[in-house]
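Take a look at the structure set out below.
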Amino acid sequence: EEAGAAEEKSNRARLLQINAEAAEFFSSKLAAEEGVVARDFLIKRGFDAASARQFGIGYAPKGWRNLIDHLTNKGYSLEELVTVGLAMQSDKGGYDRFRGRVLWPIRDANAQVLGFGARKLYEDDEGPKYLNTPETPVYHKASVLYGLDLARKEIVKKRQVVVVEGYTDVMACHLAGEVTAV
């Protein structure tokens, strides 16, 4: 049993590492040429490059295998990417779940990336307006609050929490000085 628990812990660590690598990839793509659509989206809502960095916002480029190619080159398997909710299986060898979207990393209280929330940017995107990481071994939607990693200390200090609806609402509150928003 102990061996199983240790294996599960190391597997969890690896899945969290994949998410951290994905967050870095998405963040770098926000600054790239194609990321201009996502940057414009954020600017229209009052968020500059510094806010994007503060919240770890990223951009998933259009195309079917940008993230898969990036992460498999780093030694992760397609199966692992599917397990963590970043890729979908297909008979052509899988494709990225998030394509042509602005992304928010969803972190736990210790700032580990558990999953992502992604908003569509392009009219020809037939998917839902918001697409989140599905339930995975590390992401359980019901037990996670976006922004908790940034708000935790102030929530404890002020003994209050402000609950808002969306990712950009959390950002706006934090940038306006209401740092207990989640």
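For first residues located in region 8-28 and at pLDDT below 95, partners that are open to solvent by less than 20 Å² (accessible area, probe 1.4 Å) and lie 6+ apart or on another chain with Cβ distances below 7 Å form the pairs Arg12/Val138. Glu165 meets each of the listed conditions (1) of a type in the set (Asp, Glu); (2) part of a loop (DSSP other than H, G, I, E, B); (3) closer than 13 Å to Trp104 by Cα apart from (3).
The set of residues in region 172-182 being farther than 13 Å from Ile106 by Cα, surrounded by 16 or more Cβ atoms within 10 Å (Cβ to Cβ) and touching a residue at least 12 places away in the same chain (Cβ under 8 Å) consists of Ala172, His174, Leu175, Val179, Thr180, Ala181. Of the numbered criteria (1) free of Cβ contacts under 8 Å to residues at least 24 places away in the same chain; (2) among the hydroxyl-bearing types (Ser, Thr, Tyr); (3) under 29 Å from Val36 (Cα atoms), the one Ser143 fails is (3). Whenever a residue of region 72-93 is over 16 Å from Ala13 (Cα atoms), its partners that are open to solvent by less than 20 Å² (accessible area, probe 1.4 Å) and assigned to a loop (DSSP other than H, G, I, E, B), lying with C-beta atoms within less than 6 angstrom and at least six residues away or across chains, give the pairs Leu78/Gly94; Ala87/Gly94.
Condition check: under 17 Å from Pro137 (Cα atoms), outside any loop (DSSP other than H, G, I, E, B) and open to solvent by 50 Å² or more (accessible area, probe 1.4 Å). Does Ser28 satisfy that? The answer is no for Ser28. Picking from residues in region 100-157 that are touching a helix residue (DSSP H, G or I) at 6+ places or on another chain (Cβ under 8 Å), charged (D, E, K, R) and outside any strand (DSSP E or B), the one that is surrounded by the fewest Cβ atoms within 10 Å (Cβ to Cβ) is Glu135.
Out of all the residues in region 168-182, which are hydroxyl-bearing (Ser, Thr, Tyr) and outside any helix (DSSP H, G or I)? First the steps, then the outcome.
Start the filter on region 168-182 by keeping residues that are hydroxyl-bearing (Ser, Thr, Tyr), which leaves 168, 180.
If the condition is that a residue be hydroxyl-bearing (Ser, Thr, Tyr) and outside any helix (DSSP H, G or I), then Thr180 is the only one that fits.
Consider Ile155 carefully, then state whether it is among the β-branched types (Val, Ile, Thr) and under 21 Å from Ala23 (Cβ atoms). Answer is no for this residue.
Against the condition open to solvent by 70 Å² or more (accessible area, probe 1.4 Å), touching a Phe, Trp or Tyr at 6+ places or on another chain (Cβ under 8 Å) and assigned to a helix (DSSP H, G or I), how does Glu8 come out, does it pass? Can you show your working first?
Working: open to solvent by 70 Å² or more (accessible area, probe 1.4 Å): yes; touching a Phe, Trp or Tyr at 6+ places or on another chain (Cβ under 8 Å): no; assigned to a helix (DSSP H, G or I): yes.
In short, no.
The values are calculated or read from the model by the stated rules, or taken from the named source; none is laboratory data. Since we're looking at a predicted model, the values are computed, not measured. Cβ sites come from the backbone with ideal geometry, for glycine too, and all protein chains shown count toward neighbours. The area values use the complete protein model at the heavy-atom level, side chains included, leaving out ligands, DNA and RNA. Shrake-Rupley method; radii C 1.70, N 1.55, O 1.52, S 1.80 Å.
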